[in-house]
Amino acid sequence: MSTTCCSTTAEEPAPVLPVVETASTGCCSTPEPAEKAAEEQASSCCGSETEKPEPVEASGCCDAPATEPEPAEASGCCGPAEPEPVAASGCCGPQEEQADPAQVRTGLSLDDAVAALGGGIPQATDPTPYAQVDWLTATEESLKGAKAWHTVADRGEGDIAFLPGYVFDVDPIVDADPRTLLGWQPKDGTAACCSATSSCCESATDTVEALGSDAFFPSLLLGSPLGYRSEATASVEDPLLVADLVDHIVPAAIEAGIRSITAPWLHNSAYSDVLALALQAYGGDIAFHGENNLLDLQHDSYDAYLASLPSRKRRRVKEDRERADNSGTRIERKDREELRPLIGRITELVTHNRQKYEGGEDEAHIGALLTSLVEGGADIRAYLVHKDDAVVAASVMVRRGKRLFVKWAGFDYEALGERSGVYFEIALDRPLRDAFAEGITAIEAGPGADEAKRLRGFRPGQIRSVVLVADAALRPKVAELHAAYGQARREALGSTAEEAAPTTAIGRLKAKLLGSTAYEPIKPLQPEGGCCG
């Protein structure tokens with residue numbers, strides 16, 4: 001016996017037939033010719049009928065005729081009904097529930113963004129200190145010319161995401177200048193933090209200058225420019241919320257006259273990958289930018305960690321410590337409010353170090369950020385080196401949850417000399433010992449002094465950058481310059497031509513998805529203290 005999907009007979013219950021959905025007829029497709037005779041004898045909820053019952057109030061495509069009350073154990077027109085209602089359901093049974101797009105607001109001030117977030121930055125994705133309100137407040141206060149352009153996505157039921165951003169007109173600090181990602185340098189010779197120069201980029205400045213500043217400015221930088229982090233945060237672990245952010249940011253920014261959008265410092269994470277891919281979908285280009293140094297504290301104690309290192313590395317660590325012990329200095333740690341009277345001196349030391357290694361931050365930025373962290377109650381600490389009555393070196397780090405971030409280091413090299421061993425003691429070894437004692441599970445030491453950090457077991461973490469220009473005609477040239485500069489940075493950090501190509505399956509997969517072949521660790525060659533370390 002052949003029936004349509006909803007027909008019944010008095011003699012026997014109708015079998016439940018599989019649903020065939022077509023573009024032309026929907027869930028209840030027109031029967032084949034062999035079934036037409038049965039159709040003429042049976043009432044069909046979805047097919048044509050010679051006699052129709054009196055109209056009834058509609059409840060869907062598959063309402064039963066008014067003359068036949070529905071039995072208690074009801075079947076839907078296309079199969080047994082679910083025992084409980086399903087939120088998203090068509091006439092053919094339950095359909096996969098689709099998440100509604102988030103409601104997105106972009107171009108917000110920090111106050112408006114925090115209000116839209118319900119009073120604070122979402123924390124479920126374990127954000128860094130550089131995405132917190134105190135840090136962003138100090139950024140806006142100290143970084144002149146930076147106009148807040150923050151973005152909030154709200155999917156409802158507490159699902160929210162946040163991406164900080166700043167708009168810059170012509171000539172921001174060099175680290176925030178989109179042209180820097182193409183190998184350009186300003187005429188005064190100022191270099192971006194940990195910048196790289198090579199034969200490939202010698203003519204980049206002239207080439208970029210020829211494109212004109214109007215091709216890049218105003219520019220929107222996504223992330224925290226003084227934290228060197230392009231980072232979205234969310235209240236749920238759903239990276240697709242980031243795609244919702246980008247789907248609104250790019251059109252809104254271009255409509256507002258923004259000529260370029262950059263995400264200069266994308267660290268390894270699912271959120272960063274989605275941010276990169278979403279910007280790439282709008283025409284952005286992805287390239288290598290640098291490497292971060294990370295250490296997971298997997299041992300029960302510092303002694304156990306040290307014992308796990310190869311004997312050659314243990315010997316080097318011991319030699320570094322002995323040099324520090326013989327330097328004629330005294331080291332102490334200060335925390336939180338204890339740092340307030342020392343902010344001026346710490347700022348001076350860090351600024352001197354940044355200038356030596358061509359970092360973009362100046363004294364106003366560092367002082368404002370330190371002050372804001374202390375006043376905001378952040379878990380901030382500093383290791384201070386005293387020689388005679390003077391503070392001659394300092395390293396500053398911030399704890400977030402069970403992660404420790406090494407942010408700044410500054411030295412009076414005239415008082416200490418170039419190879420005192422003090423750097424290793426206050427920026428790596430002493431913080432490591434304290435981290436094990438406090439139950440910290442990971443240390444992020446940033447770029448710079450890579451060899452010393454790898455010696456102690458730190459591993460490289462990829463940093464990528466994305467550049468998107470509004471003028472589609474310029475995108476091929478921008479991509480060419482961006483790729484060349486990314487490769488120059490790899491070479492400056494110790495890569496060889498053979499190392500540039502990924503050798504692992506995950507490296508090749510990421511290269512294919514993210515438009516870059518630079519997914520393998522590189523040999524570190526930076527000196528002690530680098531500009532970002």
Fill in the blank from the handout: Scanning region 337-349 residue by residue, those open to solvent by 10 Å² or more (accessible area, probe 1.4 Å) and of a type in the set (Val, Ile, Thr) turn out to be 343
Exercise for the section: With the checklist (1) in a loop (DSSP other than H, G, I, E, B); (2) at pLDDT below 75; (3) closer than 30 Å to residue 126 by Cα in hand, flag the one item residue 509 doesn't pass. Expected result: (1)
Exercise for the section: Report the residue count in region 319-333 for those that are part of a helix (DSSP H, G or I), in contact with a helix residue (DSSP H, G or I) (Cβ under 9 Å, 6 or more places away or on another chain) and open to solvent by 40 Å² or more (accessible area, probe 1.4 Å). Expected result: 3
Exercise for the section: Could you please let me know if residue 176 is surrounded by 20 or more Cβ atoms within 10 Å (Cβ to Cβ), of a type outside the set (Asp, Glu) and in contact with a strand residue (DSSP E or B) (Cβ under 9 Å, 6 or more places away or on another chain)? Expected result: yes
Completion exercise
Residues of region 260-308 being outside any helix (DSSP H, G or I), open to solvent by 50 Å² or more (accessible area, probe 1.4 Å) and touching a strand residue (DSSP E or B) at 6+ places or on another chain (Cβ under 7 Å), in sequence order, are 268, 282, 296
Exercise for the section: Please indicate, with yes or no, whether at least one residue in region 372-394 is under 30 Å from residue 275 (Cα atoms) and open to solvent by less than 10 Å² (accessible area, probe 1.4 Å). Expected result: yes
Problem - Of all residues making up region 350-364, the number that are modelled with pLDDT of 80 or more, part of a helix (DSSP H, G or I) and surrounded by fewer than 23 Cβ atoms within 10 Å (Cβ to Cβ) - result: 4
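Given the criteria among the β-branched types (Val, Ile, Thr) and within 22 Å of residue 414 (Cα to Cα), does residue 371 qualify?
Taking the combined requirement at face value, the residue does not satisfy it.
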Problem - Residue, nearest to residue 163 (Cα to Cα), within region 211-253, restricted to residues that are modelled with pLDDT under 95, among the aliphatic types (A, V, I, L, M) and open to solvent by 10 Å² or more (accessible area, probe 1.4 Å) - result: 243
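The values are calculated or read from the model by the stated rules, or taken from the named source; none is laboratory data. Because the structure is predicted, anything quoted here is derived from the model rather than measured. Note: ideal-geometry Cβ built from the backbone for every residue, glycine included; neighbour counts use all protein chains shown. SASA here: full protein model, heavy atoms, side chains in, ligands and nucleic acids out. Shrake-Rupley method; radii C 1.70, N 1.55, O 1.52, S 1.80 Å.
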